[in-house]
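Accompanying notes for the structure given below.
The values are calculated or read from the model by the stated rules, or taken from the named source; none is laboratory data. Not measured: the values here are computed from a predicted model. Cβ: placed from backbone, ideal geometry, glycine included. Neighbour counts: every protein chain shown.
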Amino acid sequence: MWGLRHKESGEIRAFFMHCPKTSGTRILRYVSKTYGDEYEFKAIDTMYREDSVLQRSIGEYQFILPKSPVENHSHLTLGQAFHMYPNLKSYIERKNIDVFTMVRNPYDRFVSCVRFIPNLMISDFVNLGQSAVDRLGLNDFNYYYTTLALQPQYLYSHISPSSTQPYARIIHLEDVTGSKYEVTNGIEVDFTERDWTNEHARQEIIENTRDVPFWISHFELDEGTRRFVEWFYAEDFKRLFAGLAH
């Protein structure tokens, strides 16, 4: 969960729910590059630590995730965020803050997630000097990384599995690809070029670490795997992509 904050006033203009592998990194990087003199995106835990007023406004932090070097508040779901910061929902509604997320065709996202998981074994640990291969056992890696990457998308737009209506405003990646689109409050993002693909991530890892990550080439889903994706992401198809599944 990222807050879009005005640098001069400190006002939070929007919250962005960053679902993995839906082009969210493009939004974060483009806004930083294009609007960086005026606005900044910061993960909610960073803002919480830096802003005593925000701390008092959204409530005392309730820790719910296991202690781990891979804990990542930038990918909190809505339910997690509202649980961890008990007054966050009322703060958002009192301030009339825009909350939005980006979602992606589940078939395409599944391929992208599977291909990206090996990159995660290195990329998130560059600053720590070791890869996840060295720091985590297989069970821990599966718990923290495959679970994070493969979570259903509706969890970023709905407060809970029982929610019938989305809380966050939903942008479909397929609807904005190839255009410049206003994601929130006068902030326009260029989706005409691809950014931070699996290929980009792999090359950046190689350049920064001199380590060659495990690699899964692009693949097409056969009919059986498509049916698996429809089962695995049944709630996404039901809530976000009605009519897309067979």
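Quick one: is Thr192 closer than 17 Å to Ile27 by Cβ, modelled with pLDDT of 90 or more, more than 17 Å from the chain's Cα centre (by Cα) and not aromatic (Phe, Trp, Tyr)?
On the way: closer than 17 Å to Ile27 by Cβ: yes; modelled with pLDDT of 90 or more: yes; more than 17 Å from the chain's Cα centre (by Cα): yes; not aromatic (Phe, Trp, Tyr): yes.
For Thr192, the condition - closer than 17 Å to Ile27 by Cβ, modelled with pLDDT of 90 or more, more than 17 Å from the chain's Cα centre (by Cα) and not aromatic (Phe, Trp, Tyr) - is met.
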Pick from the stretch 209-246, criterion more than 23 Å from Ile117 (Cα to Cα) and in a loop (DSSP other than H, G, I, E, B), ranking: modelled with the lowest pLDDT: His246
Residues that are in a helix (DSSP H, G or I) and small (Gly, Ala, Ser), drawn from the stretch 31-59: Ser32, Ser52, Ser57
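When the stretch 180-197 is examined, which residues are found to be out of contact with any Asp or Glu (no Cβ under 7 Å at 6 or more places or on another chain), more than 16 Å from Thr22 (Cα to Cα) and surrounded by fewer than 16 Cβ atoms within 10 Å (Cβ to Cβ)? Explain how you work it out, then say what you get.
So the first thing to find is which residues in the stretch 180-197 are out of contact with any Asp or Glu (no Cβ under 7 Å at 6 or more places or on another chain), and the list is 183, 186-187, 189-197.
If we keep only those that are more than 16 Å from Thr22 (Cα to Cα) too, we end up with 186-187.
Within the stretch 180-197, just Gly186 meets the criteria.
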Some residue of the stretch 114-130 being modelled with pLDDT of 90 or more and among the polar types (S, T, N, Q): no
Residue satisfying all of: in the stretch 13-28; among the aliphatic types (A, V, I, L, M) and out of contact with any Leu (no Cβ under 7 Å at 6 or more places or on another chain); surrounded by the most Cβ atoms within 10 Å (Cβ to Cβ) among these: Ile27
Qualifying residue in the stretch 7-25 (condition: at pLDDT 95 or above, aliphatic (A, V, I, L, M) and under 28 Å from Ala201 (Cβ atoms)): yes
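Conditions (1) at pLDDT 90 or above; (2) within 18 Å of the chain's Cα centre (by Cα); (3) surrounded by fewer than 17 Cβ atoms within 10 Å (Cβ to Cβ); (4) under 18 Å from Thr25 (Cα atoms), marked per residue:
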| site | (1), (2), (3), (4) |
| --- | --- |
| Ile44 | yes, yes, no, yes |
| Tyr48 | yes, no, no, no |
| Phe63 | no, no, yes, no |
| Pro66 | no, no, yes, no |
| Ala81 | yes, yes, no, no |
| Pro86 | yes, no, yes, no |
Single unsatisfied condition, Lys42 versus (1) in contact (Cβ under 8 Å) with a residue 60 or more places away in the chain; (2) touching a Phe, Trp or Tyr at 6+ places or on another chain (Cβ under 9 Å); (3) not small (Gly, Ala, Ser): (1)
